[in-house]
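Here's the structure we're looking at; comments come further down.
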Amino acid sequence: MYELVASDVAGTTVDERGHVYRVLRRAVTDRGAEVSDEVFANWMGTEKRTAITNLLKLGGVDADEALIDEAYDWFRQNLREAYRDEPPIPFPGVSDAIAALRASGVKVVLTTGFATEIAELVVEAAGWRVGRDLDGLVPADTVAAGRPAPYLIHHAMEAVGVTDVRKVAAVGDTLADLRAARNAGVLAVGVLTGEVGRAALQAERPDYLIASFADLPAILQG
């Protein structure tokens, strides 16, 4: 019996129409970085300042802290504007799936590569509230390191009092999500609602690869 689902937000439970990766890519390419799709995919789902730092470096930009700070501030401002103009919404069936999991005794905690200010904005736009619709929210700036480190998942466990990794499923739409699940020692579930294709996700050898988070209750309960 699973006791906790630790799930990613953007691209997994919430449809934000690709704004985060469009804005993230511009944050580095507008500052001179040249980044292939393959390299960029490795930084999807990670903490965003860390992603910007590494994408600038990998893209050939000798970035100092001032440039990284400027790029990250630009990212935050432009993502907020994008979400204001086109608010994120839950993928079809996800709210019902979360409710079904919680009704069966499974805690649901959202984990994210966003800092708190963006994470709370997205969850609010989705119409969810911690304590009413969710059991917790763990943004990237509340742990020592984001994905693929296991800390977001382990912090979610700590938040709801789950101690056995064998009773935890981690769900996400990126390579970093699946790598974090492996590093945390939990069930790794990939979903196909994000920007990363089936073949790339399958190459990470998830325990399950499903069309949508809405399919998760049937997987865990079956």
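Structure values in brief
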item	result
Among the residues listed as 173, 207, 215, the single one being within 21 Å of residue 96 (Cβ to Cβ) and touching a strand residue (DSSP E or B) at 6+ places or on another chain (Cβ under 7 Å)	173
Test: residue in segment 98-112 that is surrounded by fewer than 18 Cβ atoms within 10 Å (Cβ to Cβ), charged (D, E, K, R), under 30 Å from residue 130 (Cα atoms) and modelled with pLDDT of 95 or more	yes
Members of segment 181-203 that are buried (at least 21 other Cβ atoms within 10 Å of the Cβ), within 22 Å of residue 19 (Cβ to Cβ) and of a type in the set (Gly, Ala, Ser)	190, 194
Every pair of residues 6+ apart whose Cβ atoms lie under 6 Å, when the first sits in segment 36-51 and is within 14 Å of residue 145 (Cβ to Cβ) while the second is of a type in the set (Val, Ile, Thr)	45/174
Search result, residues across segment 166-197 that are polar (S, T, N, Q) and farther than 21 Å from residue 93 by Cβ	183
Restricting segment 50-84 to residues that are among the β-branched types (Val, Ile, Thr) and in a helix (DSSP H, G or I), the residue that is nearest to residue 139 (Cα to Cα)	50
Residue satisfying condition, being within 25 Å of residue 78 (Cβ to Cβ), surrounded by 17 or more Cβ atoms within 10 Å (Cβ to Cβ) and not polar (S, T, N, Q), within set 135, 173	173
Residue within segment 68-77 that is within 26 Å of residue 181 (Cα to Cα), among the polar types (S, T, N, Q) and either out of contact with any strand residue (DSSP E or B) (no Cβ under 9 Å at 6 or more places or on another chain) or without any contact (Cβ under 8 Å) to a residue 24 or more places away in the chain (or both) present	no
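The values are calculated or read from the model by the stated rules, or taken from the named source; none is laboratory data. It should be emphasised that the depicted structure is a prediction, and the values quoted were computed from it without experimental measurement. Backbone-built Cβ (ideal geometry, glycine too); neighbour counts: all protein chains shown.
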